[in-house]
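Undergrad: One structure coming up, written as structure tokens, with questions to follow.
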Amino acid sequence: MSAVTSAVTPREREIIGWMAEGKTAAEIGTILGISPITVNTHIANAKAKLGVFKETALVTAALRNGIIR
């Protein structure tokens, strides 16, 4: 596992997984019991760690790097 991959937190990994299922930030927030703003913060942090700018690129990078299946 690369340093970038291991830098992604378990919560970020969980949120990316829900994104891959097509869930919105509001839906993910409801599922996890957190606010959509917090979800978006986790998404922004994960995008920075993986060096991507779009949410679709985040999911793709996570799949390619084995962060999610």
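Undergrad: Identify the trypsin sites (Lys or Arg not before Pro) of the range 15-59 meeting these criteria: DSSP loop state and at most 13 other C-beta atoms within 10 Å of the C-beta. List each step's numbers first, then the result.
TA: Working: sites: Lys23, Lys47, Lys49, Lys54; in loops: Lys23, Lys54.
Of the trypsin sites (Lys or Arg not before Pro), the ones in loops of the range 15-59 whose Cβ has at most 13 other Cβ atoms within 10 Å are Lys54.
Undergrad: Considering only protein heavy atoms and a 1.4 Å probe, what is the carbon-and-sulfur percentage of the accessible area of the chain?
TA: Working: 2380 of 4190 Å².
Its accessible area is 57 percent carbon and sulfur atoms.
Undergrad: I'd like to know which of Thr24, Thr38, Val59 lies farthest towards the positive end of the charge dipole of the chain, counting +1 on Cβ of Lys and Arg and -1 on Cβ of Asp and Glu.
TA: Projecting each Cα onto the dipole axis, the largest value belongs to Val59.
Undergrad: Okay, moving on. Can you tell me which of Gly22, Gly33, Gly51 moves the most in a GNM of the chain? Springs connect C-alpha atoms under 10 Å apart.
TA: Gly33
Undergrad: Stretched out fully, how many nm does the piece from Phe53 to Thr41 gain, at 0.36 nm a residue minus the Cα gap? Show your work: numbers first, answer last.
TA: Values: separation 12, 0.36 × 12 = 4.32 nm, distance 1.35 nm.
Taking Phe53 through Thr41 to full extension adds about 3.0 nm, to one decimal.
Undergrad: Apply the Karplus parameterisation 6.51 cos²θ - 1.76 cosθ + 1.60, with θ equal to phi minus 60°, to every residue of the range 46-52 and state each ³J(HN,Hα) to the nearest whole Hz, in sequence, with x for glycine and proline.
TA: Karplus values, whole Hz, x for Gly and Pro: 5, 4, 5, 5, 8, x, 10.
Undergrad: Could you report the chain's accessible area per residue, 1.4 Å probe, as an integer in Å²? Before the final figure, lay out each step's value.
TA: On the way: 4190 Å² over 69 residues.
Averaged over the residues of the chain, the accessible area is 61 Å².
Undergrad: Using a Gaussian network model of the chain whose springs link C-alpha atoms within less than 10 Å, name the residue from Ile43, Ile34, Ile15 with the highest mean-square fluctuation.
TA: The residue that fluctuates most here is Ile34.
The values are calculated or read from the model by the stated rules, or taken from the named source; none is laboratory data. What you see is a predicted model, and the numbers here were worked out from it, not measured in a lab. In this analysis, Cβ positions are derived from the backbone assuming ideal geometry, glycine residues included, and neighbour counts consider all displayed protein chains. These area figures cover heavy atoms from the full protein model, side chains too; ligands, DNA and RNA do not enter into them. Shrake-Rupley method; radii C 1.70, N 1.55, O 1.52, S 1.80 Å.
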